[in-house]
Amino acid sequence: MSDAADKALLPAGLCDVLPPQAAFEDRTTERLLAAFEAHGYERVKPPLIEFEESLLSGSGAALANHVFRLMDPQSHRMMGVRPDMTTQVARIAATRLSGRPRPLRLSYGGEVLRVAGSQLRPERQFGQVGAELIGSDSAAGDAEVILMAVEALTDLGVRDLSVDLALPTLVPAILDGLDLNADNQERLRLALDHKDIAEIHAMAPDIGTQRADLIRALIAATGSAGPAMAALAALPLSGAAAAARDTLARVLSLVTAGAPDLRLTIDLVEKWGFAYYTGVAFTLFSRGVRGELGRGGRYDTGHGMAADPAPESALETATGLTLFTDSLMRALPADAPARRIFLPSGTDRAAARALRDAGWITVAGLDDTPTPDAEAKRLGCGHVLDAAGPRDRKDQ
């Protein structure tokens with residue numbers, strides 16, 4: 001391998017983002033944050049690295065295996081590079097903004113780094129843009145975040161958008177109420193993870209036909225939101241399971257009313273990536289685009305030092321949203337070509353400024369050239385400034 005090629009080699013899961021994609025991604029991030037701000041979500045900017053016990057406290061513990069760790073040479077304490085920004089925003093809300101009125105609406109954007117990628121997202125470094133609604137436990141809050149995401153993505157130009165709703169607390173609540181031994185509970189969890197109807201049927205002699213029918217019906221209540229919700233409503237649930245179902249029904253009703261043409265699906269047994277959610281969760285997709293555009297849902301901030309957990313009274317419920325910019329770039333139509341104009345050496349600065357104010361990107365010639373059109377082509381400019389004003393490059 002040549003020396004130049006060796007210098008260009010990057011670790012697996014990391015990449016350089018080049019022109020014009022880098023600028024397009026930054027503009028997309030700013031447009032999303034502006035959309036969130038228009039809904040009252042104020043921007044915060046947490047640091048890239050934090051002390052480990054702070055970064056992994058509360059809901060952050062679910063991401064412990066994703067964290068790059070290093071020693072702080074000043075304090076000699078372990079630090080972590082953030083694998084996600086949600087827990088950082090929870091920390092800010094619980095500390096520096098603890099006196100602000102609730103619900104608190106915050107937004108953020110930045111890069112995160114993870115130890116390893118996943119099958120769906122092999123990238124280890126990627127951008128996140130998100131929003132957190134902190135201090136509200138209402139279904140209206142869940143619906144607000146989902147509808148805000150849908151509106152922002154639609155305005156960006158994302159097509160064929162769909163939202164998959166999940167209820168991570170439902171399966172544990174149902175299994176806890178079935179009075180099963182530990183072995184049968186574990187078998188059922190594995191069968192549910194794989195949507196293995198045959199295995200559940202085989203378990204009927206051990207757990208009872210009525211219980212097996214309930215679990216099979218739960219798996220069947222998956223797909224398009226309307227029929228899935230109707231199937232879920234028919235199940236004989238009680239206690240925490242019934243309460244979770246009722247919450248999902250209220251959120252679904254509000255989202256449907258706010259975006260009647262949105263494609264909505266429900267998957268009641270999906271749990272991948274929903275480890276710390278305590279209520280309705282959701283994933284955003286665009287048909288034909290690899291990977292999820294984003295995800296979110298209800299969780300407890302749970303922010304407190306790992307060695308000194310926050311008291312129950314200090315916990316706040318929140319609904320969060322995280323969008324992934326690498327997936328968004330695959331879902332968005334190509335950015336319109338920039339209007340780049342070549343300015344021959346010696347161009348008046350006021351004239352150049354007027355062009356930039358009018359939306360041009362100006363590329364100044366640093367030396368005199370007898371062939372401005374050839375120089376404009378070499379520098380990627382489609383236009384040239386001459387005495388009469390901007391004109392198309394002659395060789396186009």
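Out of Ala131, Ala90, Ala64, report the one residue that is modelled with pLDDT under 95 and in contact with a Ser or Thr (Cβ under 9 Å, 6 or more places away or on another chain). Break it down stepwise before answering.
Details: Ala131 fails: modelled with pLDDT under 95; Ala64 fails: in contact with a Ser or Thr (Cβ under 9 Å, 6 or more places away or on another chain).
Within the list Ala131, Ala90, Ala64, the selection yields Ala90.
Somewhere in the stretch 184-193, is a residue assigned by TED's automatic domain parsing to the domain that holds Thr154, basic (Lys, Arg), touching a helix residue (DSSP H, G or I) at 6+ places or on another chain (Cβ under 9 Å) and at pLDDT below 90?
The answer is no; no qualifying residue exists.
Identify the single condition in (1) part of a helix (DSSP H, G or I); (2) under 28 Å from Pro101 (Cβ atoms) that Pro46 does not satisfy, given that it satisfies every other one.
Result: Pro46 fails condition (1) only.
With in contact with a strand residue (DSSP E or B) (Cβ under 8 Å, 6 or more places away or on another chain), assigned to a strand (DSSP E or B) and surrounded by fewer than 20 Cβ atoms within 10 Å (Cβ to Cβ) as the only criterion, which of Gly130, Gly80, Gly110 stands out?
Gly110
Give just the number: which of (1) assigned to a loop (DSSP other than H, G, I, E, B); (2) surrounded by 10 or more Cβ atoms within 10 Å (Cβ to Cβ); (3) out of contact with any Pro (no Cβ under 9 Å at 6 or more places or on another chain) does Arg356 not satisfy?
Looking at each condition in turn, Arg356 falls short on (1).
In the set Ile92, Ile146, which member is of a type outside the set (Ser, Thr, Tyr), part of a helix (DSSP H, G or I), outside the structural domain of Arg216 (by TED's automatic domain parsing) and without any contact (Cβ under 8 Å) to a residue 60 or more places away in the chain?
Only one candidate qualifies: Ile92.
Among the numbered conditions (1) at pLDDT 95 or above; (2) β-branched (Val, Ile, Thr); (3) surrounded by fewer than 16 Cβ atoms within 10 Å (Cβ to Cβ), tell me where Thr209 comes up short.
(1)
Taking the stretch 203-228 only, how many residues are touching a Ser or Thr at 6+ places or on another chain (Cβ under 9 Å) and outside any loop (DSSP other than H, G, I, E, B)?
So the answer is 5.
With respect to Thr362, determine if the residue is assigned to a loop (DSSP other than H, G, I, E, B) and either modelled with pLDDT of 95 or more or not assigned by TED's automatic domain parsing to the domain that holds Ala61 (or both).
no
For the stretch 326-353, enumerate the residues that are surrounded by fewer than 12 Cβ atoms within 10 Å (Cβ to Cβ), in contact (Cβ under 8 Å) with a residue 40 or more places away in the chain and over 30 Å from Ser286 (Cβ atoms).
Listed by number, the list is empty, since nothing qualifies.
Could you please give the count of residues in the stretch 156-186 that are surrounded by 15 or more Cβ atoms within 10 Å (Cβ to Cβ) and closer than 30 Å to Leu284 by Cα?
Qualifying residue count for the region: 17.
The values are calculated or read from the model by the stated rules, or taken from the named source; none is laboratory data. Computed from a predicted model, the values in this text were never measured in an experiment. With ideal geometry, Cβ positions are generated from the backbone for all residues, glycine too; neighbour counts draw on all protein chains shown.
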